[in-house]
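Asks: Here it is, the structure, as structure tokens.
The values are calculated or read from the model by the stated rules, or taken from the named source; none is laboratory data. These numbers were taken from a predicted model, which means no experiment stands behind them. Cβ coordinates were reconstructed from backbone atoms using ideal geometry, including for glycine residues, and neighbour counts include every protein chain displayed. SASA here: full protein model, heavy atoms, side chains in, ligands and nucleic acids out. Shrake-Rupley method; radii C 1.70, N 1.55, O 1.52, S 1.80 Å.
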Amino acid sequence: MKIILAEHIGFCFGVKRAILAAEEAAKAGPIFSFGPLIHNQREIERLEKLGIKTITDKLQIKADDPILIRTHGVGPNVYTALNNEGRKLIDTTCPHVQKAQMAAKEAHEQGYQVIILGDKNHAEVQGIVAWTENKAVVIASLEELKKLELQDKIAFLAQTTEKEEKFAEMVKYLQGKTTDLKVFSTICPSTRIRQEAAAKLAQEVNLMIVIGGKHSSNTKKLAEICRNYVPTFHIERAQELQSSWFLDKFKVGVTAGASTPDWIIKEVVEQMEKINESKVEENFVEIQEKIDLQNVQTGDLIKGTIVQVSSDDALIDIGGKSEGVLPVTEFSNEKVDLKEHLQVGDEILVEVIKVDKEGNYILSRKNAYYNELMDKLEKAMETGEIIEAPVVEIVKGGLLVDVGIRGFVPASQVERFFVEDFQEYLQKTLRLRVIELDKEKRKVVLSQRVVLDEEHQKQKEATLEQLKEGQTKKGVVKRLTNFGAFVDLGGIDGLLHVSEMGWNRVNHPADVLQVGDEVEVYVLSVDKDKEKISLSLKQLLPDPWQEAIQKYQVNSIVTGKVVRLATFGAFVELEPGLDGLVHISRISKQRVEKVADVLTVGQEVKVKIMDIDTDKKRISLSIKDVEEEPEETEYASFLNQQTSEDSVTIRDLIKAGQDDIIKDKIK
Ligand code: SF4
């Protein structure tokens, strides 16, 4: 036989809190409770021994004896009476019950007809009714509700141990009856959680044992739920177990009411183990583990489940039978509404920061969060993980970013270049790497620059890898110098020399380009070892020389202008950008000693195109060969017939321009 404990079992938060508070108070002397502190006789007997006495009449105690108010709570009249007597009060009213009391009181004060779903004989319900000046109406069923004479304004709430479906059914009914309906969700989640766990378990086993006081309403409800699925026995103590119940049962579930202490659960389970010796060992360990879960220590980090949320605090199930309170101040340093951040059913990591005098586990999300965060940041530092974080503040020396806490990014670690003004970085998201971390002091220093450097290096390597001579690439002008422009090709810059910026002479790179310009460049050369790249713009531009030369043919005679003299000849410009050389030997049929003797810069001359070398862009010209053309031959013979007075020198001819002279001579 396998014994399985329900996931949520035994003492609820409110009962645990009450017992711890009572035990603490009883250390100073006996305390007295009107009625049993919880609905479990054996626990009452144990508490009696500790000095926590149950009374039914004030006559049973002395005038100054302290009074304990139970989890069920009491009406305001009781507080008044006890305070008037000057008694010390140990108030263990469960916060869930207090919530119901206050809801009823306020609704009543606002003129609402207060209707309570619950047991009118239960102390909790009677206490709530008392907060409405005994005006609230208690109903136990839909039928009773239907019989009620309803008013215009209705406030509806429930005893903390009521079933949610029943409550919801009545809410639905009331919605059809009034337009001013206030519904207060006062059903305790501990009850629901235990009920759900019991129902779930009951569907997996052959038999359920429900442990708890026979008068405990929540225990009775647990048994009722379990009976919907399997045979169920409601017991108060181990001695009630009968071996015949387990004869043909191989899986038995155990649950317990919210007022059942661990030690009774343990006793019952041990007794069940004895009944079926063979299969108990493993399960006892499980039981022990569950019960041990309650031994939560301060400083423990626990993943819990949110069971209830208000604006100011949240109730967290931290495993086993334990629940703790997460105050809003332990959730965040900011002033927040918890309801906007937490949802019932969500898991949350918390740290137990203390157990208060009343036995409540006080939890901190902040501490747990910081511990978790520091671990994450440490891991990110070790693995080099990139963290994205928005800039939240500009401070002296750098930026503050939000990485869960404020992280510092030094100014030098923001970019790969110097940043004068960080204003535009505010609210921008940076990609960062943790470079320093002090977990104790919760200080973290981050760098975007290392991320950028690394990416830049990778990009540079990739660009260099695929870069080849003769390629055409797009780039961005990064920097201008007197001798050229540096163009970013993607992580690496290439040099576009001023001489490569155009076919015509460029005096300064700034005449052609500006920083930031996108350009298409031709890769002239790549030195991967030295990471040197030479680029050209003009290679991608049409070559005016090649275009212009198309118009000229070898042997044709054209007019040009002497643009430069050299010892070996004269350069004659046929048109801008298209110069040819008249070698000294081709200036005249006569021997020419010095070029300057016959030609001057700016002089127009007729030249014959002797040769065009398109590869070397060289044009060979001749002046003397112009003379050999037929018309010039005639002209030459004509000249031979002239007297010395008529004769002209070659220089005269060239200077004047042959045509004019010829015309002159023909006239
Ligand atoms: S069952 Fe809920 S309401 Fe009742 S004492 Fe426990 S925690 Fe409080």
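Asks: Please enumerate the residues belonging to the range 190-223 that are away from the ligand (no atom under 16 Å from the Cβ) and either assigned to a helix (DSSP H, G or I) or closer than 17 Å to Lys251 by Cβ (or both).
Replies: Scanning the range 190-223 gives Ala199, Lys200, Leu201, Ala202, Gln203, Glu204, Val205, Asn206, Leu207, Met208, Ile209.
Asks: How many residues, within the range 347-400, are open to solvent by less than 50 Å² (accessible area, probe 1.4 Å) and polar (S, T, N, Q)?
Replies: Residues flagged as open to solvent by less than 50 Å² (accessible area, probe 1.4 Å) and polar (S, T, N, Q) within the range 347-400 amount to 3.
Asks: Filter the range 227-244 down to the residues that are free of Cβ contacts under 8 Å to residues at least 60 places away in the same chain and out of contact with any Phe, Trp or Tyr (no Cβ under 9 Å at 6 or more places or on another chain) and list them by number.
Replies: The answer is Arg227, Asn228, Tyr229, Val230, Thr232, His234, Ile235, Ala238, Gln239, Ser243, Ser244.
Asks: Filter the range 193-227 for residues that are more than 46 Å from the chain's Cα centre (by Cα) and basic (Lys, Arg); which is most open to solvent (accessible area, probe 1.4 Å)?
Replies: Arg227
Asks: Within the range 65-97, restricting attention to residues that are assigned to a helix (DSSP H, G or I) and in contact with a strand residue (DSSP E or B) (Cβ under 9 Å, 6 or more places away or on another chain), which residue is farthest from the ligand (Cβ to nearest atom)?
Replies: My answer is Asn83.
Asks: Then there's this: Determine, yes or no, whether Ile9 is hydrophobic (A, V, I, L, M, F, W, C) and touching a Phe, Trp or Tyr at 6+ places or on another chain (Cβ under 9 Å).
Replies: Considered against the rule, which asks whether it is hydrophobic (A, V, I, L, M, F, W, C) and touching a Phe, Trp or Tyr at 6+ places or on another chain (Cβ under 9 Å), Ile9 comes out as no.
Asks: Related question: Name every residue in the range 3-35 that is within 43 Å of the chain's Cα centre (by Cα) and part of a strand (DSSP E or B), in order of residue number.
Replies: Ile4, Leu5
Asks: Output yes when any residue across the range 87-103 is closer than 15 Å to Val138 by Cα and of a type in the set (Asp, Glu), and no when none is.
Replies: So far as the range 87-103 goes, no, none of its residues is closer than 15 Å to Val138 by Cα and of a type in the set (Asp, Glu).
Asks: Could you grab me the full set of residues in the range 98-129 that are more than 12 Å from the ligand (Cβ to nearest atom), assigned to a helix (DSSP H, G or I) and of a type in the set (Lys, Arg)?
Replies: Lys105
Asks: Open to solvent by 50 Å² or more (accessible area, probe 1.4 Å) and within 30 Å of Asp312 (Cα to Cα) - does that describe any residue in the range 63-77?
Replies: Looking for residues that are open to solvent by 50 Å² or more (accessible area, probe 1.4 Å) and within 30 Å of Asp312 (Cα to Cα), one finds at least one in the range 63-77, hence yes.
Asks: Please tell me if Leu145 is touching a strand residue (DSSP E or B) at 6+ places or on another chain (Cβ under 8 Å), free of Cβ contacts under 8 Å to residues at least 40 places away in the same chain and either under 27 Å from His39 (Cα atoms) or not assigned by TED's automatic domain parsing to the domain that holds Val344 (or both).
Replies: yes
Asks: Sort out which residues of the range 317-348 are part of a strand (DSSP E or B), among the β-branched types (Val, Ile, Thr) and more than 25 Å from the chain's Cα centre (by Cα), and write them in order of number.
Replies: Residue satisfying the conditions is Val325 alone.
Asks: Of everything in the range 149-167, what is more than 16 Å from the ligand (Cβ to nearest atom), within 23 Å of His122 (Cβ to Cβ) and surrounded by 14 or more Cβ atoms within 10 Å (Cβ to Cβ)? Give them in sequence order.
Replies: Matches in the range 149-167: Ile154, Ala155, Phe156, Lys166.
Asks: Go through the range 420-443 residue by residue and tally those that are closer than 19 Å to Glu455 by Cα and of a type outside the set (D, E, K, R).
Replies: Within the range 420-443, residues that are closer than 19 Å to Glu455 by Cα and of a type outside the set (D, E, K, R) number 5.
Asks: Could you grab me the full set of residues in the range 439-469 that are open to solvent by less than 60 Å² (accessible area, probe 1.4 Å), under 22 Å from the mean Cα position of the chain (by Cα) and not small (Gly, Ala, Ser)?
Replies: Once the filter is applied, which keeps residues that are open to solvent by less than 60 Å² (accessible area, probe 1.4 Å), under 22 Å from the mean Cα position of the chain (by Cα) and not small (Gly, Ala, Ser), the range 439-469 yields Val444, Val445, Leu446, Gln448, Val450, Val451, Leu452.
Asks: For the range 30-46, what are the residues that are more than 13 Å from the ligand (Cβ to nearest atom) and open to solvent by less than 20 Å² (accessible area, probe 1.4 Å)?
Replies: Residues satisfying the conditions are Ile31, Ser33, Gly35, Glu43, Ile44.
Asks: If you check every pair at least six apart or on different chains, which have Cβ atoms under 6 Å apart with a residue in the range 172-192 that is modelled with pLDDT of 90 or more and open to solvent by 50 Å² or more (accessible area, probe 1.4 Å) first and a residue that is of a type in the set (Gly, Ala, Ser) and more than 9 Å from the ligand (Cβ to nearest atom) second?
Replies: Hits for this filter: Lys182/Ala107; Lys182/Ala155; Phe184/Ala103.
Asks: Lys53 is checked against (1) more than 16 Å from the ligand (Cβ to nearest atom); (2) open to solvent by 30 Å² or more (accessible area, probe 1.4 Å); (3) in a helix (DSSP H, G or I) and fails just one. What number does that condition carry?
Replies: (3)
Asks: So which of Glu547, Glu593 is outside the structural domain of Asp613 (by TED's automatic domain parsing) and not in a strand (DSSP E or B)?
Replies: Values: Glu593 fails: outside the structural domain of Asp613 (by TED's automatic domain parsing).
After applying the criteria, what remains is Glu547.
Asks: Take Phe233 and tell me if it is open to solvent by 40 Å² or more (accessible area, probe 1.4 Å), at negative phi, at pLDDT 90 or above and out of contact with any Gly (no Cβ under 7 Å at 6 or more places or on another chain).
Replies: yes
Asks: In addition: What tally of residues in the range 443-476 results from selecting those that are over 25 Å from Phe418 (Cβ atoms) and small (Gly, Ala, Ser)?
Replies: The total comes to 2.
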